[in-house]
Amino acid sequence: MIILNGRRFVCGANALTATLFQPDGTASGFYKVKGREIQIFKPNGDLDGVINGHGVLCKATPHNGRFWYNYASLDTVGRWPSYSAEVNDLCNARRMALAA
């Protein structure tokens with residue numbers, strides 16, 4: 001599990017359904033590790049963004065059957081109160097996701 005801006009993301013879609021009835025609440029989405037990047041998905045399975053190999057959070061926007069990546073806040077994560085909080089969360093998320 002990784003936490004981005006106070007919102008929980010679990011590893012895989014099956015783990016997301018397992019959080020439906022947990023006392024600490026349902027996860028905001030799920031993630032998959034693909035090489036050096038971490039793909040962030042919405043609860044319905046749509047790709048919302050990616051934490052790339054350099055630790056930058058990129059929003060994934062579908063365009064002509066492919067994805068266009070840009071630096072923007074994700075729908076499932078929201079905006080961080082500060083840039084340093086964002087960097088700390090992304091570093092921790094990369095460490096947790098790549099260690100699993």
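The values are calculated or read from the model by the stated rules, or taken from the named source; none is laboratory data. Owing to the predicted nature of the structure, the values given are computational and were not obtained by experimental measurement. For neighbour counting, all protein chains shown are included, and Cβ atoms are generated from backbone atoms with ideal geometry for every residue, glycine included. Remember, those area values only see protein heavy atoms, side chains included, never the ligands or the DNA or RNA. Shrake-Rupley method; radii C 1.70, N 1.55, O 1.52, S 1.80 Å.
A DSSP coil position with no more than 12 other Cβ atoms inside 10 Å describes the following chymotrypsin sites (Phe, Trp or Tyr not before Pro) in the chain: PHE21, TYR71. Here the contact order of the chain, divided by its residue count and restricted to Cα pairs under 8 Å and six or more residues apart, works out to 24 percent. A 1.4 Å probe run over the chain, with the rest of the protein chains in place, finds 61 Å² accessible per residue.
Extension gain for TYR71 to VAL56 (0.36 nm times residue separation, less C-alpha to C-alpha distance): 4.6 nm. Let me make sure I get this right: for segment 57-100, a, b and c are the square roots of the gyration tensor eigenvalues over alpha carbons, sorted descending. Under 1.5 in a/c it's rounded, otherwise prolate if a/b > b/c, else oblate. Which is it? The shape class here is oblate. When all protein chains stay in place and ligands, DNA and RNA are ignored, the 1.4 Å accessible-area order of ARG79, ARG8, largest first, is ARG79, ARG8. If the reach is capped at under 16 angstrom between alpha carbons, list the lysines near LYS42, excluding any in the same chain fewer than eight residues apart. In chain and number order, the partners are LYS32, LYS59. Report the Cα centroid-to-centroid distance between segment 28-58 and segment 9-23 in angstrom, as an integer. Going from one Cα centre to the other spans 16 Å.
I need the calculated FRET efficiency for the pair ASN14 and ALA85, taking r as the beta carbon distance and R₀ as 30 Å, to the nearest 0.05.
For R0 = 30 Å, the calculated efficiency reads 0.50.
Rg/Rh for segment 2-99 (Cα atoms only, Rh after Kirkwood) is 0.95. VAL56 contributes about 60 Å² of solvent-accessible surface, heavy atoms of the protein only, 1.4 Å probe. Bridges between two residues of segment 1-42, per DSSP, are antiparallel at a rate of about 75%.
Round to a whole number: what % of the accessible area of segment 2-99 belongs to carbon and sulfur, probe 1.4 Å?
The computed percentage sits at 55.
Comparing ASN52, ASN44, ASN70 in a Gaussian network model of the chain (Cα springs below 10 Å), the most mobile by mean-square fluctuation is ASN44.
Its DSSP H runs of at least 4 residues, each contributing -39,500 (n - 2.57), put the calculated 222 nm mean residue ellipticity of the chain at -7000 deg cm²/dmol, to the nearest 500.
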